[in-house]
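Peer 1: Handing you a structure now.
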């Protein structure tokens, strides 16, 4: 046994040891590198999927802004027409009166809400920590903050609208069994509070308010879709 061991020691070569150690070490390092690459690839895939969901959510929110813009512009047009007629419905076609009535007295309260589900997922899952370019994270959060500010302005607008219209709408002397909606609306237009509200509508938002918010959102969506398509 001792002779055999001596023979083995004599045959032992430092170069062989280094070569075998290098092979083993290289294999371990390669395994670790591949594991890290796979983990990083999985994280980046999660980031891409999350940001694609955020982009879709922002596109839905863009539609909300466009819907608000259409409603406001239409309501502003009706307010102008009523003011031109000195807040009188006399001489207007029946279908026009019906439309004006729906536009001014309908939809009490804010009609739309923005979606934030993808944003909450983005915040709670820690996805942001896996995004190398933190500027895109800052831009995204700023974009949602601006949506929040827009939403607050809609809250104020529709709250003031309801305060002006609803009391007149619910007045006991306004509605009776023999009073149709159009006649009731005609009586509402005699109210100073309602007239003041209609006069304020065209001044509620400047001409570029909705377009500016649309453009900011479109820019953010385009950036996300370019990076995470």
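Rule-based calculations on the coordinates, nothing more; no lab input. As the structure is a computational prediction, the values presented were derived from the model and not from experiment. Note that each Cβ is placed from the backbone with ideal geometry, even for glycine, and that neighbours are counted across all protein chains shown.
Peer 1: Pop a pseudo-label 7 angstrom from the Cα along the beta-carbon direction at both residue 142 and residue 83 and give the gap in nm to one decimal.
Peer 2: Placing both labels 7 Å along Cα→Cβ, they lie 3.6 nm apart.
Peer 1: Moving to a separate point now. Can you give the Rg to Rh ratio of region 44-227, both from alpha-carbon atoms, with Rh computed by the Kirkwood formula? It would help to have the intermediate numbers written out before the result.
Peer 2: Working: Rg = 21.3 Å, Rh = 18.9 Å.
Here the Rg-to-Rh quotient is 1.13.
Peer 1: Can you give the extra length, in nm with one decimal, that the chain gains between residue 222 and residue 110 once fully stretched, where that is 0.36 nm per residue apart less the Cα-Cα distance?
Peer 2: Values: separation 112, 0.36 × 112 = 40.32 nm, distance 2.82 nm.
Separation in residues times 0.36 nm, less the Cα-Cα distance, equals 37.5 nm.
Peer 1: So for the pair residue 123, residue 69, with labels modelled 7 Å out along Cα→Cβ, what separation do we get in nm?
Peer 2: In this crude spin-label approximation the distance works out to 2.7 nm.
Peer 1: Report the FRET efficiency, 1/(1 + (r/R0)^6), for residue 44 and residue 156, where r is their Cβ-Cβ distance and R0 is 45 Å, rounded to 0.05. Walk me through the intermediate numbers first.
Peer 2: Working: r = 42 Å, r/R0 = 0.93.
E between residue 44 and residue 156, to the nearest 0.05, is 0.60.
Peer 1: Which whole-number percent of Cα pairs in region 54-149 have a distance greater than 22 Å?
Peer 2: Of all Cα-Cα pairs in region 54-149, 50 percent lie more than 22 Å apart.
Peer 1: Taking other Cβ within 10 Å of each residue's Cβ, how do 210, 150 sort, fewest first? Each step should come with its number before you reach the end.
Peer 2: On the way: 210 18, 150 21.
In order of increasing Cβ crowding within 10 Å: 210, 150.
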